[in-house]
Amino acid sequence: MKLSYIILILLAFLACKTSSIKTERTVKIVLDTEEALSEADTIYLTGNISNLGDWNPKGLAMTRRSESRWEKSFTVPDSTQLQFKFTLGSFEKEAVSNMGLVPGNNEMSIIEDTEVYFVLEDWKNPLSPVKVSAGSVKLHLVNPLNGLASRKVTVWLPDSYEIDKDKKFPVLYLHDGQNQFDGSKTFNGQEWKIDETLNKLDKEQKIRVPICVAVDNTMARIEEYGSVTAQSAYADFIVHQLKPFIDSLYRTLPDRQNTATMGASLGGLIAFHLGWYHNETFSMAACLSPGFRYKNLDLTAELKKYKGPKKDLILYIDNGTVGLESQLQPGIDAAVDFLKSNGYAVHYTIAEGAEHTEEAWASRVTQPMMHFFAINK
């Protein structure tokens, strides 16, 4: 069923009266907003083609024609299977229905010059409430002192946090934080179900349930997460600003033995980075489908240069086998081989048939939680 918040009219232009075969088609997007935006706001198109930024939320700026009318034209190769969304510059501010529902991608097969018209009702609010099935959440908008962009940090507190006022908790730092708890906040409607998983394990008395600190990514995600050397501005922000901030506000067990980190894909790479290069702070790192070697990134080459003492690090690594997962396999194999040959106890598993998605990672998060926080550990 298509969401009712979009009124879509496809108007095919008259076919060009020429015998030549067109290799490009023009797409014109016209939209009205139910409420006028401020002069500082810009609506962007983001989508699955380079003209729309390859899903960069600031892919292509639209042009304001009046207080509420916007439009933009661009070309695509003939027969393009186009997918796109509207944002105000980030996926934390993408178009939603007046009920706050995040729509799926708009999809079109472009076989002739086409004009499309939309009416947009509302925009996602970065600090709107995060819905969880268990526990409670606190939201913080944090401005890194080292020049990185500001970002939302969601702190999940287990039910027992409010019950036992004297109890202190281990802490798990999560990357791509907007994907962890609430599917209505994510770009694809999927979430990691961290709250459900931890609540179940806690009720079954299987783990020392942690406080979770979920740090949102930004437009600079690749640059921030993709560091394969000891220098990383994002890691510096986590270790020297965010962790002291969290420890000052919440009843944490701040020592390294009770501090873990977890992420997937490039989030898995930065989780490993924090455990490896900031081992004085993190004793545990879970790397789901990590991009140890992908395109221009190669952490395995950096690891082979290491000649220092063995690090005190508990590692969980896994990956699937479908699509991008298979492309990441050689780098994961190389990293795991290096770690095991140097005496590290790596809990490594392969999830046959699993894809590179939040849904797939959600199905596996019980394993690192048990590996890090099991009561009988």
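The values are calculated or read from the model by the stated rules, or taken from the named source; none is laboratory data. Not measured: the values here are computed from a predicted model. Positions of Cβ are generated from backbone atoms using ideal geometry, with glycine treated the same way; all protein chains shown enter the neighbour counts.
Couple of notes before you dig in:
- Test: residue in the stretch 106-118 that is surrounded by fewer than 14 Cβ atoms within 10 Å (Cβ to Cβ) and assigned to a strand (DSSP E or B): yes
- Some residue of the stretch 278-295 being closer than 27 Å to D182 by Cβ, surrounded by fewer than 19 Cβ atoms within 10 Å (Cβ to Cβ) and in the same structural domain as A264 (by TED's automatic domain parsing): no
- When A351, A360, A374, A286 are screened for being small (G, A, S) and within 23 Å of A235 (Cβ to Cβ), only A286 passes.
- With respect to being more than 22 Å from the chain's Cα centre (by Cα) and closer than 21 Å to K243 by Cα, P170 fits the description.
- Residue count, the stretch 119-136 (criterion: buried (at least 18 other Cβ atoms within 10 Å of the Cβ), modelled with pLDDT of 90 or more and part of a strand (DSSP E or B)): 1
Residue-by-condition table, conditions (1) within 17 Å of L269 (Cβ to Cβ); (2) at pLDDT 95 or above; (3) surrounded by 14 or more Cβ atoms within 10 Å (Cβ to Cβ):
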{"position": "D312", "(1), (2), (3)": "no, yes, no"}
{"position": "Y316", "(1), (2), (3)": "yes, yes, yes"}
{"position": "N319", "(1), (2), (3)": "yes, yes, yes"}
{"position": "I332", "(1), (2), (3)": "yes, yes, yes"}
{"position": "A351", "(1), (2), (3)": "no, yes, yes"}
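- On the stretch given as the stretch 19-58, residues that are assigned to a loop (DSSP other than H, G, I, E, B), out of contact with any Phe, Trp or Tyr (no Cβ under 6 Å at 6 or more places or on another chain) and not basic (K, R) total 16.
- Single residue of the stretch 33-47 satisfying the filter (among the polar types (S, T, N, Q) and modelled with pLDDT of 95 or more) that is surrounded by the fewest Cβ atoms within 10 Å (Cβ to Cβ): T42
- Where helices (runs of 4 or more DSSP H) fall entirely within the stretch 311-377, those with at least 1 residues that are of a type in the set (G, A, S) are at 324-341, 358-362.
- Across the stretch 149-193, the number of residues qualifying as of a type in the set (F, W, Y), surrounded by fewer than 22 Cβ atoms within 10 Å (Cβ to Cβ) and part of a loop (DSSP other than H, G, I, E, B) comes to 1.
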